[in-house]
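One structure is given here, and the rest of the page talks about it.
The values are calculated or read from the model by the stated rules, or taken from the named source; none is laboratory data. On a predicted model such as this, the values are computed, not experimentally measured, just so you know. As a convention, Cβ positions derive from the backbone with ideal geometry for all residues, glycine included, and neighbour counts pool all protein chains shown.
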Amino acid sequence: MTTTAKAAELRHPEKRNRPDNPIQRKPAWIRVKAPTSPVYRETRDIVRENGLHTVCEEAGCPNIGECWARRHATFMVMGDTCTRACAFCNVATGTPMPLDPMEPVNIGTAVAKLGLEHVVVTSVDRDDLIDGGAAHFAAVIHRIREFAHGTTVEILTPDFKDKAGAIEVVSAAKPDVFNHNLETVPRLYPTIRPGARYFTSLELLHRAKRLDPNVFTKSGLMVGLGESREEVHQVMDDLRAADVDFLTIGQYLQPTPKHAAIDRFITPDEFDAYATAARGKGFLMVSASPLTRSSYHADSDFARLRDARAAKLHNADTR
Ligand code: SF4
């Protein structure tokens with residue numbers, strides 16, 4: 001066993017019995033610079049001082065140097081331990097700690113210190129909690145509004161499977177963007193996202209829009225896991241039928257040898273073709289590139305999203 005495989009087993013003991021999948025060398029179009037900027041260090045210090053977790057670090061996101069140099073960190077609430085064990089995700093699985101009641105205040109404080117115009121908040125899955133963590137999500141949104149006036153809030157939630165009333169609680173806190181990632185095509189759910197159900201996730205997005213027609217809904221897909229182009233197009237159609245506004249598509253990158261293997265690297269031209277197809281299907285916004293992640297450039301994309309909706313409404317009025 002390689003050193004990386006051993007390190008992966010320590011972090012992911014639940015994946016011990018999985019076969020090792022050697023990590024493939026990345027192609028030339030997937031290259032990121034090492035983080036060196038002083039602003040990157042400032043962002044890291046604010047995260048540490050407030051005892052917060054970020055998905056940027058927990059998921060080993062390749063964009064961290066670029067995002068944190070722009071103070072754009074995605075906060076991960078409700079701890080650093082997830083109750084699910086998805087085959088693509090680097091977040092540790094296990095029995096999570098109780099919720100920290102100070103976390104909403106700490107997030108609000110950090111967002112204010114960072115001076116963010118737009119913030120993304122995500123979480124681990126908390127199947128152990130009776131409401132899946134919905135009330136905690138709502139509290140985080142309220143504290144951000146209290147401490148950081150004018151900051152727009154994007155949430156990236158779990159699927160709240162079997163948690164009746166959870167979506168309603170989160171929606172009532174009025175996030176600006178309600179994001180939930182489908183992650184992959186339905187055929188691959190049993191291997192890639194075994195604890196989730198494709199139609200539960202789709203219904204969550206549809207319900208979020210029905211509860212608040214003004215909210216922007218958003219979802220993301222990873223490609224390179226063995227899906228076909230036709231399957232991706234079908235997912236786009238399903239998302240449009242659920243009235244989803246914004247689609248992100250990025251290359252799956254394998255975090256450790258204990259995670260799902262990459263089937264292939266999708267070329268930049270193929271990403272462009274996906275973006276063209278998605279726009280043709282009526283999404284207000286599409287971001288598709290090898291390094292796209294659901295929170296990548298979320299701040300500037302939110303401004304474009306608002307403009308796109310305003311333009312659409314204007315065009316409808318003048319017809
Ligand atoms: S893309 Fe998202 S998760 Fe990755 S570093 Fe940027 S903000 Fe963090």
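Yes/no matrix, rows are residues, columns are (1) within 15 Å of Arg207 (Cα to Cα); (2) among the hydrophobic types (A, V, I, L, M, F, W, C); (3) modelled with pLDDT under 95:
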| position | (1), (2), (3) |
| --- | --- |
| Thr93 | no, no, yes |
| Pro98 | no, no, no |
| Pro101 | no, no, no |
| Pro104 | no, no, no |
| Asp125 | no, no, no |
| Leu182 | yes, yes, no |
message: Which numbered condition in (1) within 27 Å of Ile30 (Cβ to Cβ); (2) more than 17 Å from the chain's Cα centre (by Cα); (3) surrounded by 14 or more Cβ atoms within 10 Å (Cβ to Cβ); (4) away from the ligand (no atom under 16 Å from the Cβ) is the only one that Val244 fails?
response: (2)
task: Mind listing whichever residues of region 190-241 are under 23 Å from Thr93 (Cα atoms), part of a loop (DSSP other than H, G, I, E, B) and not basic (Lys, Arg)?
output: Pro194, Gly195, Ala196, Leu225
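Does Leu221 satisfy being among the hydrophobic types (A, V, I, L, M, F, W, C) and crowded, with 18+ Cβ neighbours inside 10 Å? Full working, then the answer.
Values: among the hydrophobic types (A, V, I, L, M, F, W, C): yes; crowded, with 18+ Cβ neighbours inside 10 Å: yes.
Answer is yes for this residue.
Across region 153-181, what is the total count of residues that are surrounded by fewer than 16 Cβ atoms within 10 Å (Cβ to Cβ), without any contact (Cβ under 8 Å) to a residue 40 or more places away in the chain and touching a helix residue (DSSP H, G or I) at 6+ places or on another chain (Cβ under 8 Å)? Quick ask: steps written out before the conclusion?
Initially, region 153-181 is screened for residues surrounded by fewer than 16 Cβ atoms within 10 Å (Cβ to Cβ), giving 162, 164-165, 168, 172, 174.
Cutting the leftovers down to without any contact (Cβ under 8 Å) to a residue 40 or more places away in the chain gives us 162, 164-165, 172.
In the following step, the residues that additionally are touching a helix residue (DSSP H, G or I) at 6+ places or on another chain (Cβ under 8 Å) were identified as 165, 172.
Within region 153-181, residues that are surrounded by fewer than 16 Cβ atoms within 10 Å (Cβ to Cβ), without any contact (Cβ under 8 Å) to a residue 40 or more places away in the chain and touching a helix residue (DSSP H, G or I) at 6+ places or on another chain (Cβ under 8 Å) number 2.
Just to verify a result, which residue in region 166-189, among those that are assigned to a helix (DSSP H, G or I) and small (Gly, Ala, Ser), is farthest from Phe302 (Cα to Cα)? Break it down stepwise before answering.
Within region 166-189, the first condition is being assigned to a helix (DSSP H, G or I), and the residues that meet it are 166-172, 186-189.
Okay, now just the ones that are also small (Gly, Ala, Ser), so 166, 171-172.
Numbers: Ala166: 25, Ser171: 18, Ala172: 20 Å.
Among them, the one singled out is Ala166.
Matching residues to (1) more than 16 Å from the ligand (Cβ to nearest atom); (2) over 17 Å from His233 (Cα atoms); (3) surrounded by 19 or more Cβ atoms within 10 Å (Cβ to Cβ):
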| position | (1), (2), (3) |
| --- | --- |
| His259 | yes, yes, yes |
| Asp263 | yes, yes, no |
| Ile266 | yes, no, yes |
| Phe271 | no, no, yes |
| Ala277 | yes, no, no |
| Leu284 | yes, no, yes |
| Thr292 | no, yes, yes |
| Ser295 | no, yes, yes |
| Ala298 | no, yes, yes |
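What about Thr184, is it surrounded by fewer than 23 Cβ atoms within 10 Å (Cβ to Cβ) and among the β-branched types (Val, Ile, Thr)?
Details: surrounded by fewer than 23 Cβ atoms within 10 Å (Cβ to Cβ): no; among the β-branched types (Val, Ile, Thr): yes.
No: the conditions fail for Thr184.
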Failed condition for Phe216, given (1) under 25 Å from Glu270 (Cβ atoms); (2) in contact (Cβ under 8 Å) with a residue 60 or more places away in the chain; (3) crowded, with 20+ Cβ neighbours inside 10 Å: (1)
query: Checking Arg207 against (1) out of contact with any Phe, Trp or Tyr (no Cβ under 7 Å at 6 or more places or on another chain); (2) without any contact (Cβ under 8 Å) to a residue 40 or more places away in the chain, which test does it fail?
result: (2)
query: Just checking, how many residues over region 52-74 are more than 20 Å from Gln254 (Cβ to Cβ) and either in contact with a Leu (Cβ under 6 Å, 6 or more places away or on another chain) or of a type in the set (S, T, N, Q) (or both)?
result: 3
message: Give me the helices (runs of 4 or more DSSP H) completely within region 47-147, filtered to those with at least 2 residues that are crowded, with 20+ Cβ neighbours inside 10 Å and within 13 Å of the ligand (Cβ to nearest atom), ordered by residue number.
response: 55-58, 64-68
